[in-house]
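The structure appears right after this line, and notes come after that.
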Amino acid sequence: MQHRQMFVNLPIRDMARSRAFFEALGYSFNPQFSNDQGACLVLGEHVFAMLLVHDFFQTFIDRPIGDATQAAQVLVALPCASRDEVDQLVDAALAEGATTPRGVQDLGFMYSRAFADLDGHIWEPFYMDDEAAAQGG
């Protein structure tokens, strides 16, 4: 089975604040799938995160919405083109109010950092050196 696109749905508290945060990181939103209840964050050509305000998110589920600042259910890994790109993205997120859930992980062939966004969702930008990985790290 192969999927042509990926949409991750994330509950958020404040649409304007969340949009401003991700726009400050250099991301854009697809206006065709965005309004005051949900916004389609474009992460790649076929990769998206739907940011849904709590009341709207709740219409899709019959369970309570978890507090991402207290518990994690998903880690959103984002491949980057270089270590510098990883650092630039995380540093920009921290400057916009994100927090750091863990330190740098440097495995030689793979380098990653993480940030928790304004709602506590954990994003993990990483760079993998394919050549080093093929040689066993």
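The values are calculated or read from the model by the stated rules, or taken from the named source; none is laboratory data. Nothing here was measured: the structure is a model prediction, and the numbers come from that model. Heads up, the Cβs are rebuilt from the backbone with ideal geometry, glycines too, and the neighbour counts pull from every protein chain shown. Side chains included, ligands, DNA and RNA excluded: accessible areas come from the protein's heavy atoms. Shrake-Rupley method; radii C 1.70, N 1.55, O 1.52, S 1.80 Å.
Figures for the structure shown
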{"read-out": "Matching residues, the range 5-43, being without any contact (Cβ under 8 Å) to a residue 40 or more places away in the chain, among the small types (Gly, Ala, Ser) and open to solvent by less than 40 Å² (accessible area, probe 1.4 Å)", "value": "SER34, GLY38, ALA39"}
{"read-out": "Matching entry among MET50, MET1 (being farther than 27 Å from ALA132 by Cα, of a type in the set (A, V, I, L, M) and touching a strand residue (DSSP E or B) at 6+ places or on another chain (Cβ under 7 Å))", "value": "MET50"}
{"read-out": "Meets criteria (surrounded by 13 or more Cβ atoms within 10 Å (Cβ to Cβ), under 28 Å from SER34 (Cβ atoms), out of contact with any Leu (no Cβ under 6 Å at 6 or more places or on another chain) and among the hydrophobic types (A, V, I, L, M, F, W, C)) for ALA49", "value": "no"}
{"read-out": "Near pairs, Cβ below 7 angstrom, 6+ apart or cross-chain, from the range 88-110 (under 27 Å from GLY136 (Cα atoms) and open to solvent by 80 Å² or more (accessible area, probe 1.4 Å)) to any residue that is at pLDDT below 95 and not aliphatic (A, V, I, L, M)", "value": "LEU107/GLY137"}
{"read-out": "Residue ranges of strands (runs of 3 or more DSSP E) in the range 38-137 with at least 2 members farther than 14 Å from VAL8 by Cα, at pLDDT 95 or above and of a type outside the set (A, V, I, L, M)", "value": "110-112, 122-128"}
